[in-house]
Amino acid sequence: MESFMFLNLATFAYLASAMLYIAILIYGSKNKTLGLTATLVTASGLLLSTAGIVLRWIEAVRMDIGFYAPFSNFYESLIFFAWCVVLAYLVLEYMYKNQAIGAFVMPLAFLIQAFAEYWPQWNQDIRPLIPALQSNWLIAHVIASFVGYAAFAIAFGLAIAYLLKARNSEKSGEAEGTGIYAALPSLKIVDSLIYKTVLFGFFWFTIGAIFMGAIWANQAWGTYWSWDPKETWSLIVWFIYAFLLHVRLTRDWRGKRIAWLAILGFFGVIFLYYGVNFWLGGLHSYV
Amino acid sequence: MTKKQNDVWSFFASMKLALWIIPILAVTSIIGTVIPQGHQLDYYIQSYGPELARLFYVLDFTSMYDSWWYITLLIIFSVNLTVCSIDRVPTVWRMVRLDNLNTTPERLQKMPLKAEVEVDAPLPAASVKVGKLLAAAGWRSASRAREDGSIMFFSQKGAWSRLGPYVIHSGIPIIMLGAIVGNVFGFKASIFFPEGETVSHVFERGTRLPIPLGFSMQASNFEITRHPNGMVREYTTDLRIVDPLLSEPLYFSLMVNYPLKHRGMTFYQASYEPMDEFMISVRNKETGRTRHALVPSGRQVNWPEENVLFEITNTLTDHAGRAHKLEILFSEPGAIPSVFVMQDEQSVAVQRPENTYVFFVRQRYATGIQVAKDPGVWIVYAGFALMTLGLYVVFMVTHRRIWAHLRQDAQGRTWLMLCGGSNRNKETFDQRFTKLTDYLRQNQIIKSGAKPDAKPGVKPGTKR
């Protein structure tokens, strides 16, 4: 199956990309060739992954196993998660023309992809879907949810960058830090980026994960909300990010406190995504 | 309002309460995902020991999402959110309706984005030109002459977007209302019955009390299709509904994700189970005479007209109860029997001394159907729609304002002061503002290079 080859190559591209962005962070962004190489390697990683996902879909259709979408088990959803993170990062890099953030996002994308490819727990075969998953809601619900997850992942990466930079700035006495930290966008901009990515993620998470999930649940199981662990945890994550947005907008919390909340929120996302399925079970335990 | 009511109001109108109740809900909600919900006391005693089990029972941790304290938290959350919003909407509404033409030039000086330039025309003519150019650049403006003879222009976009957060908030109590309506006027029930049977009741979830349907429902057929690897592809119950309100029976193939709506109730294909019962049909190949039988394994069937008897003597079933292999005995009384192994839903020709028979066997299944009556679901969806709309507005629509103040100085020169601001996406607005001033320059209405102040021109906003 060719899709595996493409997805495997994408893993290596993500690794190379992560190392290149770390190099940029360490050696500075003055070397234009290095910067361009990093962006091109990342973009080709994204293309390889796209090819892999599309091919996998085509392979599934050729197998004639009924309705299928290439994010219907944990392995595929991780690949798609990494894909969303990389795409969102490239958009962010293009919008803000700063590559230092890549050192905090691409390692995350690589880890997600490598987790999918090398963790022995996953069955990577294309398998037919159980009847409950055979619905177009699968496509809409999963894509929108993962756009939200990806935004939260990026906010997490930015929050780590913010906290490291803020600590460096406090120690060195320099407002924007020293050395590699000075290469990052200003604290104010990283802070505003965290807020914006969280708001973007909140939008997609609310609509895609919670609303579409509820409507689909109502169609498949006859109830839009049953306090299943997956549903409850999505609500918990929603509360964490709602809290972040409200303390920022009404209490003017900034900087470190928002960064810590973005980190907490992402731990919630990880638990919602991985922990609920493998430690708690419930109706939603297949993906 | 009395003093007391006022206290209650301000308690619920406080943001502080909201910032407490949100984390409290987030943390307490975890409990019910860690402690399995809705089991019998014995289960908790076995899993956690008697002390913890009793504590869980006292604190309603065993069905916490409908416990009094959790519901109370949800009610406080909704009331807080509603009162907070009602409390703040009038202020925001005034902001939306604000007469911005009344803004003083002194206020404009404090705006983050400013550009002051000289206009190459006397005041009345300049006024017409500025109005036209602003409109052409997409900023249709209103204007008003001020007492000092100067003219104030104002244009804005998306002022209503300031209401976005309150549209989001309004969705939450509406969803709660929908949930209450569903709980009070609806029910959740299920029924599990073998194919071929007819039912006219379903059983309420929890209480297990029968709820009459008002019509009868027959599972005329149950079908599973499988993938080559044996995984279930889909399963279908063919329903035949005989309703006194309908002149003809209603037929529907019920599948997962394809529910049936009838009389305000929705029927969902939920589960199935193979039974230890088999539908056998035996046909005499010569005469075509056929005998049907529905029997469990181990029970012998006699067919006196043909003087034969048959029996499923043994079955090989998997853990789910599905029979993969069936051992059949077929004989005339007293004769040497034919014993053979066949699969489910297979036809086998049995040759006996006198006749040949076609033997077909099919395992019987019971179908599990969920029934829900939820008149609140559309209210819940309306809440979703409102929240989606509000989120879209908050995320996508920006309130952008442009002021233009046209004045004549003591030397008779005309000056245009352009100011603006936006409530979010400030970087994008900075660019638009620069574009607007450039546009005015390109149209040569504004003399370039004229500098009335020490720091003229566009003051850059936040730099990247």
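Of note:
- Answer residue from region B:87-96, given it is without any contact (Cβ under 8 Å) to a residue 12 or more places away in the chain and open to solvent by 70 Å² or more (accessible area, probe 1.4 Å) and is nearest to B:S150 (Cα to Cα) among those: B:R94
- Residue within region B:97-104 that is acidic (D, E) and in a helix (DSSP H, G or I) present: no
- Selected residue (criterion: nearest to the other protein chains (Cβ to nearest Cβ)) from residues of region A:239-258 that are of a type outside the set (F, W, Y) and in a loop (DSSP other than H, G, I, E, B): A:D252
- B:F203 meets all of the listed conditions (1) farther than 30 Å from B:V295 by Cα; (2) at pLDDT 95 or above but one, namely (1).
- Considering residues of region B:269-290 that are among the polar types (S, T, N, Q) and away from chain A (no Cβ under 14 Å) only, the residue least open to solvent (accessible area, probe 1.4 Å): B:N284
- Which numbered condition B:T266 misses (of (1) open to solvent by 60 Å² or more (accessible area, probe 1.4 Å); (2) farther than 30 Å from A:M63 by Cα; (3) within 14 Å of chain A (Cβ to nearest Cβ)): (1)
- Evaluating A:F211 against the criteria (1) surrounded by fewer than 21 Cβ atoms within 10 Å (Cβ to Cβ); (2) facing chain B (nearest Cβ under 7 Å); (3) closer than 30 Å to B:Y258 by Cβ leaves one unmet condition, (1).
- Looking across B:E248, B:E204, B:E223, one residue alone is within 14 Å of another protein chain (Cβ to nearest Cβ) and farther than 30 Å from B:A323 by Cβ. It is B:E204.
- Of the criteria (1) more than 22 Å from B:G206 (Cα to Cα); (2) away from chain A (no Cβ under 14 Å), which one B:Y43 fails: (1)
- Considering region A:118-231, the qualifying helices (runs of 4 or more DSSP H), each wholly inside and each with 1 or more residues that are at pLDDT below 95 and closer than 27 Å to A:N277 by Cβ, run over A:136-172, A:187-204, A:213-221.
- Residue selected from region A:105-130 under the condition β-branched (V, I, T) and over 25 Å from B:M231 (Cα atoms), by the criterion farthest from the other protein chains (Cβ to nearest Cβ): A:I112
- Number of the condition not met by B:E306 [criteria: (1) surrounded by fewer than 16 Cβ atoms within 10 Å (Cβ to Cβ); (2) in contact (Cβ under 8 Å) with a residue 24 or more places away in the chain; (3) not in a strand (DSSP E or B)]: (1)
- Count of region A:88-97 residues which are in contact (Cβ under 8 Å) with a residue 24 or more places away in the chain and either of a type in the set (A, V, I, L, M) or open to solvent by less than 30 Å² (accessible area, probe 1.4 Å) (or both): 5
- Flag for B:R54 being assigned to a helix (DSSP H, G or I) and within 30 Å of B:G158 (Cβ to Cβ): no
- Filtered residues of region B:310-332 (kept if open to solvent by 40 Å² or more (accessible area, probe 1.4 Å) and either of a type in the set (F, W, Y) or touching a residue at least 40 places away in the same chain (Cβ under 8 Å) (or both)): B:T317, B:A320, B:R322
- The strands (runs of 3 or more DSSP E) found wholly in region B:333-395 and carrying at least 2 residues that are more than 14 Å from chain A (Cβ to nearest Cβ) and open to solvent by 40 Å² or more (accessible area, probe 1.4 Å) occupy B:338-342, B:346-351.
Matching residues to (1) buried (at least 16 other Cβ atoms within 10 Å of the Cβ); (2) among the charged types (D, E, K, R); (3) within 12 Å of chain A (Cβ to nearest Cβ):
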position: B:W20; (1), (2), (3): no, no, yes
position: B:P23; (1), (2), (3): no, no, yes
position: B:I31; (1), (2), (3): yes, no, yes
position: B:G38; (1), (2), (3): no, no, yes
position: B:Y48; (1), (2), (3): no, no, no
position: B:E51; (1), (2), (3): no, yes, no
position: B:I75; (1), (2), (3): no, no, no
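- Among strands (runs of 3 or more DSSP E) entirely within region B:202-258, having at least 3 residues that are loosely packed, with under 14 Cβ neighbours inside 10 Å singles out B:210-226.
- Residue identified as on the phi > 0 side of the Ramachandran plot and free of Cβ contacts under 8 Å to residues at least 12 places away in the same chain among B:D42, B:D66, B:D60: B:D60
- Any hit, region A:33-42, residues being outside any helix (DSSP H, G or I), among the hydroxyl-bearing types (S, T, Y), over 19 Å from the mean Cα position of the chain (by Cα) and surrounded by fewer than 21 Cβ atoms within 10 Å (Cβ to Cβ): no
- Check on A:V61, modelled with pLDDT under 95, open to solvent by 10 Å² or more (accessible area, probe 1.4 Å), closer than 26 Å to A:F200 by Cα and in a helix (DSSP H, G or I): no
- Hits in region A:1-22 (condition: open to solvent by 20 Å² or more (accessible area, probe 1.4 Å) and part of a helix (DSSP H, G or I)): A:E2, A:F4, A:M5, A:F6, A:N8, A:L9, A:F12, A:L15, A:A16, A:M19, A:L20, A:I22
- If you go through region B:110-142 and keep only what is free of Cβ contacts under 8 Å to residues at least 12 places away in the same chain and among the polar types (S, T, N, Q), you end up with nothing.
The values are calculated or read from the model by the stated rules, or taken from the named source; none is laboratory data. Every value quoted in this text rests on a predicted model; they were computed, and no experiment measured them. Methodologically, a virtual Cβ is constructed for each residue, glycine included, from the backbone with ideal geometry; neighbour enumeration extends over all protein chains shown. Areas reflect the complete protein model, heavy atoms only, side chains present, ligands, DNA and RNA absent. Shrake-Rupley method; radii C 1.70, N 1.55, O 1.52, S 1.80 Å.
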